[in-house]
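Visitor: Below you will find the structure I want to go over with you.
All of the numbers you see were taken from the coordinates with simple rules; none came from a lab. From a predicted model like this one, the values you see are computed outputs, not experimental measurements. Counting neighbours? That spans all protein chains shown, and the Cβs are built from the backbone with ideal geometry, glycine included.
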Amino acid sequence: MTELMKAARWHGPQKLEIELVPVPQVLPGSALIKVEACAVCGSDIRIFREGNPRISPPRIIGHEVSGQVVAVGQGVTRIKPGDRIAVGADVPCGECDHCLNGRGNCCDTNFAIGYQFDGGYAQYLRLDPVVVEHGPISLIRTDISFDAAALAEPLACCINGYEVALARPGCSVAVFGAGPIGLMLGLLGQGRYQASQVLIVEPSEARRAQAESLGLRTIDPGAVDPVTAIIDATAGRGADVLFTACPAVETHEQAIAAVAKRGVVNLFGGLAKSARPITFLSNHLHYREAYVTGSHGSTPAHHREALELIESGSIDAARLVTRTIKLDDLAEGLEIARSGTEIKVIVRPNA
C-alpha cells in the first residue's frame with residue numbers, strides 16, 4: 001500500500017488545495033526529506049494569486065525549506081539519513097557557462113524548488129538528483145531551529161544583493177521597503193557590513209515599528225521626501241548602497257535620485273508587468289559615476305554563507321519569525337504574510 005502525505009497543491013491562480021498524495025519515491029541520486037519548516041515568501045503569494053510561467057499545475061510550491069533527511073537513493077554521498085538540512089531555491093543545472101563559473105543563480109535553465117520541482121508545502125519533499133548534485137543544500141547545527149534555518153534562503157538572496165551592489169565595510173545603506181527582505185537587507189548592512197548608517201524607507205507604521213524594534217532607523221515617506229531625508233542623513237552625499245525591496249516604481253526613481261558618487265542602486269524587488277517604465281535624469285548617474293544594477297536569487301555558496309551568519313548569531317533569524325502555522329492553514333498564512341502584520345510566517349507541515 002502506497003504511503004500518503006499531506007501536501008498543499010497549487011492548481012492555478014487562487015486555487016490551492018490541501019490533498020493527500022503519495023509520498024515521493026526515492027530514486028537513484030535523489031533524497032527524501034521530512035519538511036520541518038517552510039517559510040512564506042512574497043513570490044509564493046504572487047504564484048498563488050497570479051501564477052508563474054515556470055510553473056505548470058498541479059505543483060507543490062514553497063522554497064524556503066528546512067528539514068531532516070529520511071532516505072537517500074543509490075549513489076548519494078553528500079547527505080545521509082538523519083542529517084538536518086536547509087535547502088535553497090535556485091538550482092544550478094551544472095552544465096551552462098553561468099553554472100560552470102559559479103553563477104548558478106543566472107543559470108540558463110533556471111531550475112528552482114517550488115517551481116519546476118515540487119516545494120516544501122508538504123510533509124515530505126524529494127530532492128531530485130540535479131538538486132542533490134548541484135543545489136543549495138547546507139547542514140544545520142543541532143542547536144539551530146528549523147524555523148531559523150529555513151530563512152537561510154532569503155538571507156542568501158540578500159547576500160547576493162550586497163555582493164552585486166559592490167558593498168564595502170562602512171558604507172551607508174538605504175533600503176526602500178521594510179518587508180522581510182528589506183529587514184534582512186537592513187540587518188546585513190548593520191552586521192556583516194558595519195554600515196555607517198542604515199536607513200529604511202517604509203510608509204506602513206506597523207512595518208516601521210517592526211524595523212525599529214530590530215534597531216533600524218526608519219523614514220516615513222508620507223511625512224518627508226525620502227530623497228531629501230536620505231541626502232540630509234548622509235551629510236549631502238547620498239547613500240552608497242540603495243536597495244528597492246518593494247514593488248513600487250516610484251522607489252526605483254527615488255533610489256537613483258538619492259545615490260552617492262560611485263554609489264550603487266540595486267533594483268532588488270521586481271515590478272508588476274503592468275508597471276510603467278521608470279524615468280530619471282541620466283546626467284545624475286553620469287556626473288556621479290553611479291551604477292544601477294539588479295540581483296536575482298542566490299548561489300549555493302551564498303546559501304552556505306547565510307546559514308553560517310545565522311549559526312554565528314550575526315543575523316538573529318529567530319527574531320524575524322513572528323507567526324507559525326500548520327499546513328492546513330496555508331491559505332490563511334499567505335493572507336497574513338500579504339497583510340504585512342507579521343515579519344515572517346513559517347509553515348510547519350508535520351506539526
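Visitor: Mind listing which trypsin sites (Lys or Arg not before Pro) in the range 211-285 are in a DSSP loop and have 12 or fewer other Cβ atoms within 10 Å?
Guide: 273
Visitor: Specify the residue with the greatest mean-square fluctuation among 70, 241, 40, computed from a Gaussian network of the chain linking alpha-carbon atoms under 10 Å apart.
Guide: Top of the fluctuation ranking is 70.
Visitor: Right, here's the next one. Can you run phi through the Karplus equation (6.51, -1.76, 1.60; θ = phi - 60°) for the range 279-288 and list ³J(HN,Hα) in whole Hz, with x for Gly and Pro?
Guide: My calculation for the range 279-288 gives 10, 7, 7, 4, 4, 4, 6, 4, 7, 9 Hz in order.
Visitor: If you add up the charges near residue 338, with Lys and Arg at +1 and Asp and Glu at -1, over every other residue whose beta carbon is less than 15 angstrom from its beta carbon, what do you get?
Guide: The answer is -1.
Visitor: Give me the one-decimal nm value for the distance between modelled label points at residue 350 and residue 34, 7 Å along each residue's Cα-to-Cβ direction.
Guide: 0.3 nm
Visitor: Which order do 143, 97 fall in if you start with the one that has the fewest other Cβ atoms within 10 Å?
Guide: 143, 97
Visitor: So, in nm, how far is label residue 97 from label residue 332 when the simple model puts each one 7 Å beyond its Cα toward the Cβ?
Guide: Simple spin-label model gives 5.1 nm for this pair.
Visitor: While we're looking at this one, here's another question. What order do you get for 172, 43, 339 when you list them from fewest to most C-beta neighbours inside 10 Å? Walk me through the numbers on the way to the answer.
Guide: Working: 172 22, 43 18, 339 9.
The fewest-first ordering by Cβ neighbours comes to 339, 43, 172.
Visitor: Which FRET efficiency, nearest 0.05, do residue 232 and residue 282 yield, Cβ-Cβ r, R0 25 Å?
Guide: Efficiency, from the Cβ-Cβ distance: 0.55.
Visitor: Please report, to one decimal in angstroms, the Kirkwood hydrodynamic radius of the range 265-341 built from all distinct Cα-Cα pairs.
Guide: 17.0 Å
Visitor: Then there's this: Run the quick spin-label model on residue 108 and residue 212: label points 7 Å from Cα toward the beta carbon, then report their separation in nm to one decimal.
Guide: So the label points at residue 108 and residue 212 sit 5.2 nm apart.
Visitor: Mind checking Rg over Rh on the chain, alpha carbons, Kirkwood formula for Rh? Write out the running numbers ahead of the final one.
Guide: On the way: Rg = 20.2 Å, Rh = 20.6 Å.
Radius of gyration relative to Kirkwood radius: 0.98.
Visitor: Also: Could you work out how far the C-alpha centroid of the range 129-188 sits from that of the range 263-305, in angstrom?
Guide: 17 Å
Visitor: Report the antiparallel proportion of the DSSP beta bridges in the chain as a percent, rounded to a multiple of 5.
Guide: Here the antiparallel bridges make up roughly 60 percent for the chain.
Visitor: Multiplying the sequence separation of residue 323 and residue 116 by 0.36 nm and subtracting their Cα-Cα distance, what value in nm do you get?
Guide: Roughly 71.7 nm would be gained on extension.
Visitor: I'd like to compare 194-203, 309-318: which one has the highest average count of other Cβ atoms within 10 Å, and what's the full order after that?
Guide: 194-203, 309-318
Visitor: Lysine pairs in the chain with alpha-carbon atoms under 29 Å apart, 8 or more places apart or on different chains: how many are there?
Guide: 15
Visitor: Could you line up 305, 3 from fewest to most neighbouring Cβ atoms inside 10 Å?
Guide: Working: 305 20, 3 8.
So the residues, fewest neighbours to most, are 3, 305.
Visitor: Please state, to two decimals, what the Cα-based radius of gyration of the range 134-230 comes to when divided by 2.2 N^0.38 Å (N = residues).
Guide: 1.18
Visitor: Specify the residue with the greatest mean-square fluctuation among 338, 304, 54, computed from a Gaussian network of the chain linking alpha-carbon atoms under 10 Å apart.
Guide: Comparing 338, 304, 54 in the GNM, the peak value goes to 54.
Visitor: Still on this structure: Stokes-Einstein at 25 °C, 0.890 mPa s, Kirkwood radius from Cα pairs: D for the range 166-293 in µm² s⁻¹?
Guide: It comes out at roughly 172 µm²/s.
Visitor: Tell me, what ³J(HN,Hα) does each residue in the range 63-71 have, in order and in whole Hz, if you take phi through Karplus 6.51 cos²θ - 1.76 cosθ + 1.60 with θ = phi - 60° and put x for Gly and Pro?
Guide: Once θ is set to phi - 60°, the couplings for the range 63-71 become 9, 9, 10, 9, x, 10, 5, 10, 7 Hz.
Visitor: Under a 5 Å amide H to amide H cut-off, with H placed in plane at 1.01 Å, what residues pair with residue 217 once short-range neighbours are removed?
Guide: Here the answer is 198, 200, since their amide H atoms fall under 5 Å of that of residue 217.
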